[in-house]
1. What FRET efficiency comes out for Gln208 versus Ala116 if R0 is 22 angstrom and r is the Cβ-Cβ distance? Round to the nearest 0.05.
2. Run the accessible area of the range 260-320 with a 1.4 Å probe and give the carbon-and-sulfur part as a rounded percent.
3. Could you order Ile231, Ile268, Ile243 by accessible surface area, starting with the largest, using a probe radius of 1.4 Å?
4. When all protein chains stay in place, what accessible area (Å², nearest 10, 1.4 Å probe) is found for Ser73?
5. Go through Ser229, Ser217 and list them by solvent-accessible area, largest first, probe radius 1.4 Å.
6. For a Förster distance of 22 Å, can you work out the FRET efficiency between the beta-carbons of Asn312 and Lys278, rounded to the nearest 0.05?
7. Dividing the convex hull volume of the Cα atoms of the range 260-320 by its residue count, what figure in Å³ per residue is obtained?
Amino acid sequence: MTFDSNILSNFSTTNKRLIARIISTVESGNEISIQILKLLYSKTGNAFRIGITGPPGAGKSTITNQITKHFLSLGKSVAIIAVDPTSPFSGGALLGDRVRMNDIGMLDNVYIRSVATRGSLGGLSQKAIDIADVLDAAGFDYIIFETVGVGQSELDIAKIAHTTIVTLVPESGDAIQAMKAGLMEIADLFVINKCDRPEASKAFSSLQSSLQLRNFSSSDWQPPIIKTSAISNIGITELVKSIFEHRKYCSNNPNCLKNRIEYTKERIITIISELVKKEMFTNNLVVTNETIEEVISGNLSPYILAEQILSNYKSNFINNDNSNNSLH
Ligand SMILES: Nc1nc2c(ncn2[C@@H]2O[C@H](COP(=O)(O)OP(=O)(O)OP(=O)(O)O)[C@@H](O)[C@H]2O)c(=O)[nH]1
Ligand SMILES: [Mg+2]
């Protein structure tokens, strides 16, 4: 199987048909998809990646919609990846919202894609990350990931996003408690949305007190809390300003770099394990049914067998490929 790389000469933010085609290929995870990803990678690294998470219905899509419009007004392009959307990427169940969302999706400089990761191990799938690379290579200035804060995905989002926004609503006082363990740590910025509702200032103080319990050092980034009423575009300018401030803070911060190194290492290990797994399966596990029956009958530990297979695999690898193996 080969891939005609000339196709990529037309690759740009406005060629949505080609973007959709390439993303579908990447989602299929076949051999061509790896060729494409390898080819595109040198064009990545320019998009600023924003993660937005929070409980269902907190207003994540509405905020995404508003910040997208803000970026567009600055002449920028935006790609949105909705990870496991609980409702279609629509701004909620209301038809009016859905129409408005479709509106921005129709614009030249906006691309919206939903990705399902449910059922895949490890939350945010490798696929969502690969898709972000495709969109980055296409030339989008901003990539926004929307995830619902109820699983592993939102914790993973913090690793891949340059800036992570945790969205809460005034009524989510209890939710703040519930989410302390996970969401509090990953937020670079907090948003209390729906501030047109009562209880907003109470929610603000309660979140502020929870944050004060954390011991930030003077050089640490201290997550600001921004009050918004996204539906009326209130607080969005402040939110975008804070995103820019965080971006600036991270541009030369060793902790941010350390996180990126950790995440990239993790990503490489995931790719290696997937490649090894694929190879094991294509070689039919290089193990006989008799050996597997030994495991079933309790005579051979699956751990011992796995170690033996791995060790055979490694010695094969070393024998077959002792050239070109220096990594820099
Ligand atoms: N009153 C009020 N309602 C809002 C505000 N922002 C969003 N909403 C409404 O809240 C509902 C949910 O908004 P969404 O933007 O879909 O929320 P979401 O967090 O993306 O929802 P899921 O993706 O389903 O988890 C919609 O009906 C919005 O119109 C706001 O600032 N004030
Ligand atoms: Mg949504």
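1. Approximately 0.05, to the nearest 0.05.
2. Summing carbon and sulfur atoms, their accessible area is 60 percent of the total for the range 260-320.
3. Result, largest first: Ile231, Ile268, Ile243.
4. Surface open to solvent at Ser73 totals about 90 Å².
5. So the residues, ranked largest to smallest area, are Ser217, Ser229.
6. 0.85
7. Enclosed volume per residue, from the Cα hull, is 104 Å³.
The values are calculated or read from the model by the stated rules, or taken from the named source; none is laboratory data. Worth saying up front: this structure is predicted, and the values here are computed from it rather than measured. We place every Cβ from the backbone using ideal geometry, glycine too, and count neighbours over all the protein chains shown. Surface areas here come from the heavy atoms of the whole protein model, side chains and all, with no ligands, DNA or RNA. Shrake-Rupley method; radii C 1.70, N 1.55, O 1.52, S 1.80 Å.
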